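Only one structure is covered here, and it is reproduced in the block below.
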Amino acid sequence: MPEGHMMSIEGYWTQRASGYSGTVTEQIEKGTYRHWLNMILEHLGQCGDLDVLDVGTGPGFFPVVLGRLGHRVTGVDCTQAMLDRAGNNCARYGVDAKFKRMDAQVLEFPDETFDLVISRNLVWNLDDPKAAYREWLRVLKPEGKLMIFDGNHYLYLYDKDYASQAPEYAESHDRIGNVDPKIMERIAEELPLSSQRRPQWDVDTLIELGGVRTIKVDTDGRDSLKVVKDGETVYLPFSFFICATK
């Protein structure tokens, strides 16, 4: 990732660290975290304690959720403010997890280190998502799982069907922590996935990279965008989940 671009993204998420951490703790306290946990458990298909890598850990959502189940979780993020929040949240919930500051596209782990590599709301804001997927598959053990929770966050900037839903999107991403979301929108204009319809791009890329035995996709209908097109109601995928088995 170009250094200036990475610094812009890191600067934005540094400002968002406090507000985003509050959102994460609210999901844990109110029990809404079960939506993500149930999807993970449904596709995990493995028992016992797992070595888990959470890429783009942010304030430590997955380290808390999966750490409380006894898994050994390592979280990486390029933003130190997020890592600080993650450490505090794990301490709050009595979870022992490891955290490292690291570029998601250039992981500093040996091949075949983890049973599960997981990420939530990160891939869309990567400068080279294909390189990231290559790295994540590299550090995954044979028969391990790659799980991606993400969405078409800024597709409305380029796709007329999604553009009709831009007001709803803007309302859902209000000024959390008094941080103007337009800052990230300007950065997103230059990110490669902002103009790609997903999860099809992700599936095609994982197939191209090779080494993946199965890929399962759930477009998570609760977050689909409702659009009337040519007199018919259609639902465009917004949030989605991918589970690839190596």
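The values are calculated or read from the model by the stated rules, or taken from the named source; none is laboratory data. Please read these numbers as outputs of a predicted model, since none were measured by experiment. Glycine also receives a Cβ, built like all others from the backbone with ideal geometry; neighbour counts cover every protein chain displayed. To get the accessible areas, we keep the full protein, side chains included, count just its heavy atoms, and leave off ligands, DNA and RNA. Shrake-Rupley method; radii C 1.70, N 1.55, O 1.52, S 1.80 Å.
To the nearest 10, the accessible area of TYR33 is 30 Å² with a 1.4 Å probe. For the chain, a crude dipole built from +1 on the beta carbon of Lys and Arg and -1 on the beta carbon of Asp and Glu, taken about the Cα centre, is about 500 debye to the nearest 20.
For the chain, give the share of DSSP beta bridges that are antiparallel, in percent and rounded to the nearest 5; count only bridges with both residues there. Can you show the working numbers first?
Working: 17 of 35 bridges.
Within the chain, antiparallel bridges account for around 50 percent of the total.
Per the Debye calculation on the chain with a single equal scatterer at every Cα and no solvent contribution, log₁₀ I(q)/I(0) for q = 0.08, 0.16 Å⁻¹ amounts to -0.29, -1.28. Rolling a 1.4 Å probe over the protein heavy atoms of the stretch 19-99, with every protein chain left in place, gives an accessible area that is 45 percent carbon and sulfur.
Evaluate the relative contact order of the chain (contact order divided by residue number), counting alpha-carbon pairs under 8 angstrom at least 6 apart; express in whole percent. Relative contact order here is 18 percent.
Within the full protein context, the accessible area of LYS30 is estimated at about 140 Å² for a probe radius of 1.4 Å.
For a label point 7 Å from the Cα of ILE207 along Cα→C-beta, name the residues of the stretch 105-144 whose backbone N is under 18 Å from it. Taking a point 7 Å out along Cα→Cβ of ILE207, the residues of the stretch 105-144 whose backbone N falls under 18 Å are 130, 133-134. For the stretch 1-140, relative contact order (Cα pairs under 8 Å, six or more residues apart, normalised by length) works out to 24 percent.
With a 1.4 Å probe rolled over the protein heavy atoms of all chains, the accessible area of SER18, SER239, SER194 falls in the order SER18, SER239, SER194, largest first.
Considering only ALA131, GLY87, THR14, the residue lying farthest towards the positive end of the dipole of the chain is GLY87, judged by Cα position with unit charges set on Cβ. Spacing of the modelled spin labels on ILE183 and PHE109, each 7 Å from Cα toward Cβ, amounts to 2.9 nm.
Kindly give Rg over Rh for the stretch 96-171, based on alpha-carbon atoms, with the Kirkwood expression for the hydrodynamic radius.
Working: Rg = 15.6 Å, Rh = 14.4 Å.
With Rh from the inverse mean 1/r over Cα pairs, Rg/Rh is 1.09.
For the chain, the solvent-accessible area of protein heavy atoms averages 47 Å² per residue (probe radius 1.4 Å; ligands and nucleic acids excluded). For the pair TYR93 and ASP49, label points projected 7 Å from Cα toward Cβ lie 1.8 nm apart.
Spin-label pair ASP218-ASP230: with each label point 7 Å from Cα along the Cα-Cβ axis, the two points sit 3.1 nm from one another.
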